[in-house]
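This report refers to the structure that appears directly beneath it.
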Amino acid sequence: KVGKSWTVLELVYALSTGQPFLGRFAVKQPRRVMYIQEEDSLQRVLRRFKRLIRGDPMRQAPSDEYLRWSIRVGFKIDNEAWLNRLRDALTLYVPEVVVLDVFNMLHNLEENKQSDMTRLLQTLMQLNRRFGCAFIIVHHNRKPQAGSEARANQMIRGSGVLAGWGECSLYLRRSKEKDTIIVTPESKDAPEMDDFTITLADQENGGIVLEMGHVEAKDTLTLGDKSVLEALDSLARRGIGATAKAISEVVGRDRS
């Protein structure tokens, strides 16, 4: 519930219309996009997409030439019958980008099992080589544990092969501000980029705009820093002095 669906729909709109993603990242030309969604209902997806379009008076709906939907049809990547239907769709429509949302709903394999995930990702790589389309996977993070610190790509739920597969990734987490997401971008080839925010700004006409911004200093704390602050709050509520020993016991870490 961090805002993945809103962000990916904004990306789908930008790619299929040739408009800048978040008003910042240029899209040189419209790209044919196939959006495969197995989590949310068609009604919810369309309602959100229409709000994104309504939020900017300059926006128009993408044409059928550049955007096709597949919503809750039961599609599974690891099912050969469904895979053949996907191959047929890739042959007829020739999309340049295929968005898979959300990953755990699109297969019946064990996401913690490396061999299962490797086989699944190899299937996507084979499709990429055969049809020339890029795949964008929407996936969940693990819930952070108090006192633990990890890079963004180490927080992906399931086998570590998922983190290594992506060429470019956006890792989302909640901000302390309402309706604001903190995004950590990573790329194997592009220059390093600082974290940024996405704020979901409601408009008077019922539309919504995703606004890009800077990360506030209070949101740049590591998970370890946050666990210490949470420990201080917990100790204060319990009337216990914030000694190094007390904090270490709450966060489960050595006092050093």
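A few remarks follow.
- For residue 189, the stated conditions do not hold, so it cannot be described as at pLDDT 90 or above, on the phi < 0 side of the Ramachandran plot and within 15 Å of the chain's Cα centre (by Cα).
- Within the range 56-97, considering residues that are aromatic (Phe, Trp, Tyr) and in contact with a Phe, Trp or Tyr (Cβ under 8 Å, 6 or more places away or on another chain), the one most open to solvent (accessible area, probe 1.4 Å): 69
- Restricting the range 5-43 to residues that are within 21 Å of residue 74 (Cβ to Cβ) and not aliphatic (A, V, I, L, M), the residue that is surrounded by the fewest Cβ atoms within 10 Å (Cβ to Cβ): 43
- Cβ pairs under 8 Å, 6+ apart, first in the range 200-211 and at positive phi, second exposed (fewer than 13 other Cβ atoms within 10 Å of the Cβ): none
- Residue match in the range 93-111 (condition: over 26 Å from residue 14 (Cβ atoms), outside any helix (DSSP H, G or I) and of a type in the set (D, E, K, R)): yes
- Any hit, the range 35-56, residues being in a loop (DSSP other than H, G, I, E, B) and over 19 Å from the mean Cα position of the chain (by Cα): yes
The values are calculated or read from the model by the stated rules, or taken from the named source; none is laboratory data. Just so it is clear, the model here is predicted, and its values are computed rather than measured. Every residue, glycine as well, gets a Cβ built from its backbone with ideal geometry; the counts of neighbours run over all protein chains shown. The accessibility values were calculated without ligands, DNA or RNA, using every heavy atom of the protein model including side chains. Shrake-Rupley method; radii C 1.70, N 1.55, O 1.52, S 1.80 Å.
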